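Shown next, in structure tokens, is the structure this report addresses.
The values are calculated or read from the model by the stated rules, or taken from the named source; none is laboratory data. Everything numeric here is computed off the predicted structure, so don't read it as measured data. Here Cβ is always computed from backbone atoms with ideal geometry, including for glycine, and neighbour counts include all displayed protein chains.
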């Protein structure tokens, strides 16, 4: 049984727990697979459950020793944002971002192939989309494909990339696994806390630091 919930009491601002993490919240911007700000994103900040934030802090500290910082694209995602995705996929004829994010697929295939879920683990508050930054150059590490590219190339075990690109994916994956997160099979950037505190609850409150402080 799933429940919708507006209670943000178990959530924290990621910046308060892991200040060294860089944030580029894509669904607050227009640079995403839909091409507009997504419903529920009132502020470009990452929110997570307290438990996930603590685990991510451990992962970030481990990676800093190796010369990397984490860069977050998305964390908690309100259920209304997922509804925005679904309605876009079913009703909206707009395909302006297709060349950038799903060039080889039709919109409806994004759901059938598991790239977009009609109920997202992000709405439970303990999922995170991220990559690595090289601390020396300040640039994103080459993962062999960008965040939210919907295609086989984004599968973590895809071998049609260079050895260095594959190894970069594995650096991120192994550190996240060691710190209590689980990957999925179609997105190298997506991880969910294994012992998530709200496994059956999908939250509705907006992405907003002000909402957390109410």
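Can you give me the number of residues within region 136-170 that are without any contact (Cβ under 8 Å) to a residue 60 or more places away in the chain and under 17 Å from residue 104 (Cβ atoms)?
Looking only at that region, the number is 12.
When you look at residue 105, is it touching a residue at least 40 places away in the same chain (Cβ under 8 Å) and out of contact with any helix residue (DSSP H, G or I) (no Cβ under 7 Å at 6 or more places or on another chain), yes or no? Yes: the conditions hold for residue 105.
For the structure I just gave you, tell me whether residue 116 is modelled with pLDDT under 95, surrounded by 20 or more Cβ atoms within 10 Å (Cβ to Cβ) and either in contact with a helix residue (DSSP H, G or I) (Cβ under 8 Å, 6 or more places away or on another chain) or assigned to a loop (DSSP other than H, G, I, E, B) (or both). Spell out the reasoning first.
On the way: modelled with pLDDT under 95: yes; surrounded by 20 or more Cβ atoms within 10 Å (Cβ to Cβ): yes; either in contact with a helix residue (DSSP H, G or I) (Cβ under 8 Å, 6 or more places away or on another chain) or assigned to a loop (DSSP other than H, G, I, E, B) (or both): yes.
In short, yes.
Please work out if residue 111 is under 28 Å from residue 87 (Cβ atoms), outside any helix (DSSP H, G or I) and touching a helix residue (DSSP H, G or I) at 6+ places or on another chain (Cβ under 7 Å). Criteria not met by residue 111. Count of region 98-112 residues, restricted to those that are crowded, with 17+ Cβ neighbours inside 10 Å and either closer than 22 Å to residue 130 by Cα or in contact with a strand residue (DSSP E or B) (Cβ under 9 Å, 6 or more places away or on another chain) (or both), is 3.
Residue check: residue 95 meets all listed conditions (1) surrounded by 18 or more Cβ atoms within 10 Å (Cβ to Cβ); (2) in contact with a helix residue (DSSP H, G or I) (Cβ under 7 Å, 6 or more places away or on another chain); (3) in a loop (DSSP other than H, G, I, E, B) but one, namely (1).
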